[in-house]
Structure formats: C-alpha cells, structure tokens
1. Please specify each residue of the range 287-309 satisfying the condition of being surrounded by 12 or more Cβ atoms within 10 Å (Cβ to Cβ), of a type in the set (A, V, I, L, M) and either without any contact (Cβ under 8 Å) to a residue 24 or more places away in the chain or not in a loop (DSSP other than H, G, I, E, B) (or both).
2. Name the residues in the range 46-63 that are assigned to a helix (DSSP H, G or I) and modelled with pLDDT of 90 or more, would you?
3. (1) more than 23 Å from G38 (Cα to Cα); (2) in a helix (DSSP H, G or I): which one isn't true of R223, the others all being true?
4. Among (1) of a type in the set (K, R); (2) over 27 Å from V47 (Cα atoms); (3) in contact with a helix residue (DSSP H, G or I) (Cβ under 6 Å, 6 or more places away or on another chain), where does K329 come up short?
5. Restricted to the range 89-125, and to residues that are modelled with pLDDT of 90 or more and of a type in the set (A, V, I, L, M), which residue is surrounded by the fewest Cβ atoms within 10 Å (Cβ to Cβ)?
6. So which residues in the range 3-26 are small (G, A, S) and surrounded by 14 or more Cβ atoms within 10 Å (Cβ to Cβ)?
7. What about A271, is it surrounded by fewer than 17 Cβ atoms within 10 Å (Cβ to Cβ), closer than 21 Å to G195 by Cβ and not acidic (D, E)?
8. If you check A234, A228, which single one turns out to be over 21 Å from G279 (Cα atoms), touching a residue at least 24 places away in the same chain (Cβ under 8 Å), surrounded by fewer than 24 Cβ atoms within 10 Å (Cβ to Cβ) and not basic (K, R)?
Amino acid sequence: MRMKAAVLRNPGAAVEILDVELDPPHAGEALVRIAACGVCASDLHVVDGDLPEPLPLVLGHEASGVVVDTGSGVERVRPGDHVVLALVPSCGDCESCKSGRPNFCELGGRMAATGTLADGTSRLSVEGETLHHFNSVSSFAEYAVVPESAAVPIRRDVPLNVAALVGCAVMTGFGAAVLRAHVEPGSVAVVYGAGGVGLSAVLGCGLAGARAIVAADPVAFKRETALALGATHAVDPVSEDVPALARELTDGRGADYAFDTAGAPGVVAQAYEAVRRGGIVVAVGIPPLDATADLPAPSLPREEKIVTGSFYGSCRPHQDMPLVLDLYKEGRLDLEALITREFALDEINEGFAAMNAGEVARGVIRF
C-alpha cells in the first residue's frame with residue numbers, strides 16, 4: 001500500500017513527508033493503522049546525527065494505533081485491537097527474554113541496529129529505494145508493519161493519543177522510578193530533566209509515595225509542568241545548587257534517589273553528589289556516544305551508592321504497559337497533562353522545533 005511517512009535521508013537535513021510503499025505483513029507481523037505518535041528526543045537525536053542509524057529511514061517509535069491485518073502465525077493480536085507499539089520487540093527465546101528481561105531481547109537489538117525486521121528485510125520503500133525501520137516501529141507514518149510482539153493490546157477506553165506516550169516516554173520514566181529504583185514511600189527523589197521522560201519519572205515517584213520530589217530543568221515551562229504533576233520543588237540546575245537542596249530537605253543526608261533523564265554530560269556526577277550514602281542513581285537519558293561519567297572513586301567503596309541504568313524503564317511491555325493505562329483510567333496517573341501540543345504529520349519539523357525550544361512537555365502527531 002502507499003501511505004504518507006516521514007523520511008530522513010541524511011543527518012542534519014529536514015525530515016521529508018513522502019509517498020512511501022509499505023509491503024504487507026510477513027509471518028509473525030501485524031499491520032497497524034497509526035493513530036498518534038509522540039515526538040521524542042530520540043527521533044531528534046537521529047535527525048541531528050547524534051544517534052547514528054541506518055539511513056534512509058522512516059522515523060517514529062512512540063505510537064499507538066489499531067490493528068488492520070496480520071501475517072500468518074500471529075496469535076497475540078487480531079484486526080480491531082487497540083495497541084501500543086513497543087520499541088523493543090521480544091523473541092521469547094533468547095536468554096534475556098527467558099530471564100524476564102525482554103527489554104534486552106537479542107533479536108530486538110539486532111533489528112534496531114540493522115533497521116530491519118526479524119527476517120533481515122524491510123517493508124518500506126520509496127520509488128524502489130529501500131527505507132530502514134526505526135526501532136522496528138517507524139510510526140511517523142499512516143501505517144506500520146511491526147513484529148507481533150511489538151504490538152501490545154490495550155483497553156479500548158483509553159484515548160489513543162494518551163496511549164501513544166506509554167510506548168516510550170511514560171514507560172521509560174515511570175519504569176525507572178517504579179520498576180528499576182523501586183522508590184519507597186516517604187523518600188526524597190531528584191529528577192534531572194523535565195521533558196516527557198523526566199515528567200513521567202516525577203509521576204512514578206509521586207505514585208510510589210515519595211514525600212519530596214525535586215525536578216531540575218533549565219526551562220521554566222518544564223519546571224512549572226513538573227510542579228503541576230506532583231513535584232514538590234522545581235529548580236534551575238544552571239543557577240541553583242541541586243545537591244545542596246537535596247541535603248537541605250534531608251537534614252544533610254542527601255536524596256534517596258536521583259534520576260538523570262537528560263543524558264547531558266556531567267549530570268550523572270551531579271546526581272551522584274545529590275544522593276545519600278547507600279542512595280540510588282538511575283541513568284535514564286541517552287548521552288552523546290563519547291560521553292563519560294566522572295565519579296569520585298574514593299567514595300565508591302565508602303558510601304555504597306548504587307549507580308545503575310534503566311533501559312526502556314526496565315519494563316516487560318505486555319505486562320507493564322496495560323498496568324500503567326489502568327492506573328491512568330483510575331485517575332492515579334495524569335498522562336493527559338504531558339501532552340502540550342498536537343501536530344499534523346506534515347508539521348513534524350515544527351514539532352521537532354517546539355521540542356528543541358523547550359516549548360512542550362510532549363508534542364504528539366495525530367493522524
């Protein structure tokens with residue numbers, strides 16, 4: 001079928017909206033009509049060249065939609081199902097999948113690295129030229145063919161523009177707080193970065209019962225949004241001493257948890273300074289490829305601080321994504337507040353510009 005899709009040919013170039021050919025789903029794949037797709041910094045990193053990917057490709061990875069058709073052997077979804085698209089498919093057979101860590105699926109990793117689907121080929125082309133898939137999803141498009149395991153069935157009473165955010169930002173930030181750090185009631189948390197992922201971490205810390213949540217972001221709009229979503233303090237890390245505030249809130253001990261959702265150089269080190277002895281630092285944001293984390297080596301054995309990562313919120317998509325949407329429907333997670341603006345597909349470059357300027361918590365492409 002022919003459809004409109006957002007194509008990137010070269011880093012630094014504008015994203016083009018082209019007529020793209022999409023082949024039917026193969027065995028184990030599903031055809032999904034895209035309803036909404038979040039504009040994520042990961043897409044912008046590809047556009048800017050900071051995140052190398054096989055090119056040319058169709059961008060987009062944080063999406064929801066409705067299943068239209070399936071290839072042979074598909075059992076988890078059927079036409080008419082509402083789904084969130086998971087950017088890490090899971091084969092179910094590798095050691096990571098068998099050990100309960102499908103976010104580390106070896107096959108999913110290979111697909112992401114090569115820009116293909118499981119059989120090593122693409123379903124996307126334009127005028128005979130093969131296009132690559134982005135994270136097995138490529139959802140800045142009217143339709144997407146995805147692995148069956150990447151289509152997570154969800155309840156039908158959730159607005160699909162809200163559901164889309166669970167495909168990346170919400171699951172990544174919420175999962176970092178709840179599934180990776182296991183934030184405890186009465187604790188103090190610091191969240192560096194108040195974009196879609198950071199704000200989702202704020203929501204996760206709040207749901208877990210943290211008594212104080214410090215959101216650190218240089219953009220005033222994002223700090224205001226963090227306060228509206230449950231942060232107790234919002235500070236500018238450029239002009240204010242975040243670790244000092246964490247100690248002030250805890251009689252000099254430091255925060256129990258600190259989350260780096262920005263991935264900016266130096267943030268992990270500041271997060272390490274902000275937490276108490278035995279505290280937990282969770283690195284969530286993707287830094288530049290050549291970045292390093294400079295930590296004070298003498299304190300590592302003496303203070304027993306834990307520094308860990310969280311990829312995709314350490315989630316199990318088919319279990320955790322429906323749970324998050326249940327929490328939303330129960331009124332316990334205000335996911336709608338994350339959506340600042342909506343754009344049409346041909347306004348995608350405006351969406352990137354708004355995100356780059358710090359004007360949105362999350363922009364969403366609506367189809």
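The values are calculated or read from the model by the stated rules, or taken from the named source; none is laboratory data. Since the model is a prediction, treat every value here as computed from it, not as a measurement. Virtual Cβ from ideal backbone geometry, glycine too; neighbours counted across all protein chains shown.
1. Selection gives L300, I306, V307.
2. If the condition is that a residue be assigned to a helix (DSSP H, G or I) and modelled with pLDDT of 90 or more, then V46, V47 are the ones that fit.
3. R223 satisfies every listed condition except (1).
4. Against the list (1) of a type in the set (K, R); (2) over 27 Å from V47 (Cα atoms); (3) in contact with a helix residue (DSSP H, G or I) (Cβ under 6 Å, 6 or more places away or on another chain), K329 comes up short only on (3).
5. Among those that are modelled with pLDDT of 90 or more and of a type in the set (A, V, I, L, M), it is A113.
6. A5, A6
7. It is false that A271 is surrounded by fewer than 17 Cβ atoms within 10 Å (Cβ to Cβ), closer than 21 Å to G195 by Cβ and not acidic (D, E).
8. None of the other options fit; the residue is A228.
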